[in-house]
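I have placed the structure first, in the form of structure tokens, so that the comments after it can refer back to it.
The values are calculated or read from the model by the stated rules, or taken from the named source; none is laboratory data. Computed from a predicted structure; not experimentally measured. Ideal geometry is used to build each Cβ from the backbone, glycine not excepted, and the neighbour counts take in all protein chains shown.
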Amino acid sequence: MVWLPVLVAALPLGGSAVAAVSVRTRRAALAAVAGAAGSLALAVVVATLAIAGTPIASAGAFVYVDSLGGFFLVTVAVVVLLASLGSSSYLAAEERSGQLSPRRVRIYFGAFGLFAASMLAAVETANLGLLFILVEAATLASVVLVPLEGRTEGLEAGWRYVIISSLGITVALVGALFLFYSASALPGSAEAHLAWPFLLAHAHQLAPTALRLGFLLGVVGYGTKVGLAPMHTWLPDAHAEAPAPASAMLSGALLNVGMYAIIRLLAIANRGLGTQYGGRTMLIFGFLSVLVGVVFMIRRRDFKRLFAYSSVEHMGIIAVGLGFGGLLGIYGALLHSLNHSLGKTILFLSGGSVALAYGTRRTDRLGGVVGTMPWTGALLFGAALAILGAPPFGLFISEFTIVRAGLTGDQPWLVALLLGFLAVAFLAFIRTVGGMLLGAPRGVHREPYHGAPEHLLAVVPSAVALVALLGLGLLIPSWLNSLLTQSVALVR
Amino acid sequence: MQELTLASPGGAILGLDAVLILLSALACLGSKLFDRYLTYYALQSVLLAVAAATAAYLERDAALWVLAGLTLALKGWAIPTAARHWLVQRLDLKRDSGSTAGLSLTLVMGTALCAFAYLAVSPERLAHGLLAASVVPISTAVVLLGALAMVVRRHMVAQLIGWLIMENGVFLGAITLTASFPLIVEVGIFFDLLAGFLIMLAMTTGLAERVSPLPAGRSGQDS
């Protein structure tokens, strides 16, 4: 069955291949969408198989999909599909307006496919060495996307992104080395000593100092990818400067891939060192990220930067959930990562349409967007409410679950702190986005999309995602529930 | 590899080699000329290839021979040559003046990091006198020195070389601590390094055409 997960990761490469050989950009977009749709369909099958029984695994855990991997696989695949649909309309509009040359559009789709494939593959492996390689590959592919719109700021943002991420990820590799070393006294092959299932099963026998060091270095290293403060400094620049669908991929998928790596390490640490050590580490990074995210959201005038800092905040919330631990904490954290991905993808895709139409990302030069672009405006408004944790959207449920986990723990005052931060975030976010969406009309609007297909592509995927987000607030399907509860059992 | 003592001939060669690798990292940190950065990096990579070859000989491991060859060809020759041609000569880089800390302060910090590596990272299950017990702190120190170069230097090319040195440190650790690190993983890491180098090369030249001097360390312009 190993071919099935491999196929999931390989399908988006079709888009890259078409972009490499075809002159027509529409064909590349079509191939990207087809690949993403195929990946999602197969990812659901893989996740279902993972729920049903034993993990789909190869020797050395180079391919390894259990329920945790299946859950992240589906999350990433959903974001990839939404972003590829959004890319088709966004890139067509940018090419028509002359902002992107046809050559750059092809580079975009080429890198997009590689980016998607390496992320999908990263959550399908439990070999810590291969995980590092794939996360770094995803970073490198996405670095190509960031400066594509050709601004000097974009190149600078891309540079900051590649240099900070590479530094961070190298730290994670040192962490993997220490974990490998912590297992070196145990029997088994070298491949096994890098394989997560083996390390988890023998967590008690791992050398504790090396394990602690490996875990900490891993959290710092992959935390750089996740955007945990204080390693988040690349994130706002890269998210703001990248083309909007690429920003959606960064925020909705790549951050989750980093979190996936951290969760795998946390599971080993929880088993081998007791839950308190890992939990406390996650709480420290989590609260710091929430604080940094919220503080920088105040009076942010570039809406893509606002969304980016909101991502830092939400990654912090997920880390806090993992830190609270237990069934509720981890369940809430996992659910929150799915919800956040959906919400942030809608925000970046719809925000991208606004930026295209008005030629600016500055909210003080925007007003009354709902009047001129009713669908996009409504989607932005709905997604903003969702991302702020307003009921009845999914993020309300997941944040509520994390809060309940905190209340059952031994430090309930932390919950008060978290709620305080969330309240400030709500005010800061809604003030900026509200003024831009409602308010008096401002800015010069020029319709970016031509023809019904482009209009539909720009709106319908996000609308479907928003409905899904609403649905997740009302009911968690039993399929998702079993995926989540089984994942929690692996991490606790 | 872990049972290798410092007193054995192989261990002595590896130990000495590791010290030279650390010294080349320090030399790079203490230099101010772009050309020298590359010379020291190339030297360090050749030393790393020697370490890998020694380990390969001791372990009779074909995979490690492959690794030694790759290290020599790519890190010892291809990357420094390409960087010298595309970056140093084409952009006419001479003296690196963009640093947030003075040279002496940088070296003091570097030495402090070496000491930190020695105090903080001592593999607890390894007896004193074993090779790995002394080389792991050295490789950690090389990683930290590379990171330091990336942090204090503002020029993109200097940051790039800092990253390459960091990577060399990781490799030194991987060779001595765990000679059995799976080959597929090592080759993948190599591939990433190469792709990363090429992307950074392209970005550096792309930025150099727009602005000079390259303002990589400019703080984020939050608006």
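Just to be sure, is B:Leu33 surrounded by 15 or more Cβ atoms within 10 Å (Cβ to Cβ) and closer than 30 Å to B:Asp92 by Cβ? No: the conditions fail for B:Leu33.
Filtering segment A:143-162 down to residues that are among the β-branched types (Val, Ile, Thr) and at pLDDT 90 or above, which residue is farthest from A:Arg106 (Cα to Cα)? By that ranking, first place goes to A:Val162. When A:Leu91, A:Leu85 are checked against the criterion of being among the hydrophobic types (A, V, I, L, M, F, W, C), part of a helix (DSSP H, G or I) and in contact with a Phe, Trp or Tyr (Cβ under 8 Å, 6 or more places away or on another chain), a single residue qualifies: A:Leu91. Looking only at residues of segment A:171-203 that are assigned to a helix (DSSP H, G or I) and hydroxyl-bearing (Ser, Thr, Tyr), we find that the one that is nearest to the other protein chains (Cβ to nearest Cβ) is A:Tyr181. Step by step: first the residues of segment B:160-214, then only those that are more than 7 Å from chain A (Cβ to nearest Cβ) and modelled with pLDDT under 75, then the one that is farthest from A:Gly150 (Cα to Cα). Which residue is that? This residue is B:Ala179.
Go through (1) touching a Ser or Thr at 6+ places or on another chain (Cβ under 6 Å); (2) hydrophobic (A, V, I, L, M, F, W, C); (3) surrounded by fewer than 23 Cβ atoms within 10 Å (Cβ to Cβ) for A:Leu380 and report which single condition fails. If we test A:Leu380 against (1) touching a Ser or Thr at 6+ places or on another chain (Cβ under 6 Å); (2) hydrophobic (A, V, I, L, M, F, W, C); (3) surrounded by fewer than 23 Cβ atoms within 10 Å (Cβ to Cβ), just (3) comes out false.
When B:Ala120, B:Ala127, B:Ala62, B:Ala53 are screened for being small (Gly, Ala, Ser), at pLDDT 90 or above and surrounded by fewer than 21 Cβ atoms within 10 Å (Cβ to Cβ), only B:Ala53 passes.
For segment B:5-14, the candidate set comprises residues that are under 23 Å from A:Ala190 (Cβ atoms) and surrounded by fewer than 21 Cβ atoms within 10 Å (Cβ to Cβ); within that set, the residue that is modelled with the lowest pLDDT is B:Thr5. In segment A:1-24, the residues that are farther than 15 Å from A:Tyr108 by Cβ reach residues that are at pLDDT below 90 with C-beta atoms within less than 7 angstrom, at least six apart or across chains, in these pairs: A:Val2/A:Ser58.
Of all the residues in segment B:65-118, those that are among the polar types (S, T, N, Q) and either outside any helix (DSSP H, G or I) or in contact with a Cys (Cβ under 7 Å, 6 or more places away or on another chain) (or both) number 3. Condition check: assigned to a helix (DSSP H, G or I), under 30 Å from A:His204 (Cβ atoms), within 10 Å of another protein chain (Cβ to nearest Cβ) and among the small types (Gly, Ala, Ser). Does A:Gly129 satisfy that? Yes: the conditions hold for A:Gly129. Selection over segment A:1-36 of residues that are in contact with a strand residue (DSSP E or B) (Cβ under 6 Å, 6 or more places away or on another chain) and of a type in the set (S, T, N, Q) gives a count of 0.
The residues of segment A:132-157 that are more than 18 Å from A:Val79 (Cα to Cα), of a type in the set (A, V, I, L, M, F, W, C) and more than 10 Å from chain B (Cβ to nearest Cβ) amount to a single one, A:Leu148.
Could you please find all residues in segment A:446-470 being farther than 13 Å from A:Ala383 by Cα, touching a residue at least 12 places away in the same chain (Cβ under 8 Å) and among the small types (Gly, Ala, Ser)? Within segment A:446-470, A:Ala458 is the sole residue that qualifies. Look at (1) aliphatic (A, V, I, L, M); (2) under 26 Å from A:Val174 (Cα atoms); (3) facing chain B (nearest Cβ under 10 Å) and you find that A:Ala121 fails only one, number (3).
For A:Trp413, all conditions in the list (1) within 21 Å of A:Ser88 (Cβ to Cβ); (2) aromatic (Phe, Trp, Tyr); (3) loosely packed, with under 15 Cβ neighbours inside 10 Å hold save one; what is the number of the exception? It is condition (1) that A:Trp413 fails. Counting the residues of segment A:354-380 that are under 26 Å from the mean Cα position of the chain (by Cα) and outside any helix (DSSP H, G or I) gives 3.
Restricting attention to segment A:175-195, the residues that are surrounded by fewer than 24 Cβ atoms within 10 Å (Cβ to Cβ) and touching a helix residue (DSSP H, G or I) at 6+ places or on another chain (Cβ under 7 Å) add up to 5. Report whether or not B:Leu148 is surrounded by 20 or more Cβ atoms within 10 Å (Cβ to Cβ), within 30 Å of A:Pro208 (Cα to Cα) and in contact with a strand residue (DSSP E or B) (Cβ under 8 Å, 6 or more places away or on another chain). No.
Within segment A:204-219, restricting attention to residues that are under 24 Å from the mean Cα position of the chain (by Cα) and crowded, with 20+ Cβ neighbours inside 10 Å, the residue that is nearest to the other protein chains (Cβ to nearest Cβ) is A:Leu217.
Per-residue answers, yes or no, for (1) part of a helix (DSSP H, G or I); (2) among the charged types (D, E, K, R):
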residue	(1), (2)
A:Pro392	no, no
A:Phe396	yes, no
A:Glu399	yes, yes
A:Ile402	yes, no
A:Gln411	no, no
A:Phe421	yes, no
A:Ala425	yes, no
A:Gly434	yes, no
